[in-house]
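Step one of this worksheet: look at the structure below.
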Amino acid sequence: MNERTRVLLVANGAGLWITAVLVGWMFMFMLLGEVVLFPLIPAIDVKIPGEARAWNMAHLEGITNGLLLMGLAALAPLLTLSERQGRILFWSALVTGWGFTLPAWANALAGTRGLAFNGGPFAGSRLANNLIYISGWPAVIAVHIVFGLLLWGALKRLALLRGE
């Protein structure tokens, strides 16, 4: 993986962290029921939909996936992958990071889980749930590609180090 690609992974990881911060603010204001930034501005009543579990999940998705992308950028020199495999790893990592983070935020706002078509045992809007569920499938596929290529690249490097 070339340096430009690694820097793009870091930049996207930072973007996911920024998203996590924005979600974190919304999470805090949802819990409080008001925007509280004393002494900067007086308290403003707000009603942000959703539940604490969903907002916590959305917040942590951005942090975790940002770390994943930055970790891949740092580990890339230890992997032995073809140029094509490196491109697939890069794009799969981006789909994984953003594809798990943004739907988690949408679930928090919509009061859904997006884990099963038509909601499964969970309440919430069926339409919102189903759109979020379907939008999550690329990330579900991509994360398996990421971890497969990560393992493959590490094993290939290990074989080279052993002289095989």
Original post:
For the chain, modelled as a Gaussian network with Cα springs under 10 Å, which listed residue fluctuates most, VAL140, VAL23, VAL46?
Top reply: VAL46
Original post:
Taking the Cα-to-Cβ direction at LEU32 and at LEU67 and moving 7 Å from each Cα, how far apart do the two end points lie in nm?
Top reply: 2.6 nm
Subject >> Nitroxide proxy distance, nm - points 7 Å out along Cα→Cβ at ALA52 and LEU22 >> reply: 2.5 nm
**OP:** Given the options ILE134, ILE44, ILE145, state which has the largest fluctuation in a GNM of the chain using a 10 Å cut-off (strictly under) for Cα springs.
**Re:** ILE44
Original post:
Which of the DSSP-defined H helices in the chain satisfy a minimum axial length of 18 Å, computed from C-alpha atoms, and a minimum mean Kyte-Doolittle hydropathy of 1.0?
Top reply: 3-32, 126-162
Subject >> Fully extended contour minus Cα-Cα distance, from LEU131 to ALA154, at 0.36 nm per residue >> reply: 4.7 nm
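We did not get these values from a lab; they are worked out from the coordinates using the rules stated. Values in this document were obtained by computation on a predicted structure and should not be read as measured data. Because the Cβ atoms are built from the backbone with ideal geometry, glycine has one as well, and the counts that use them run over all protein chains shown.
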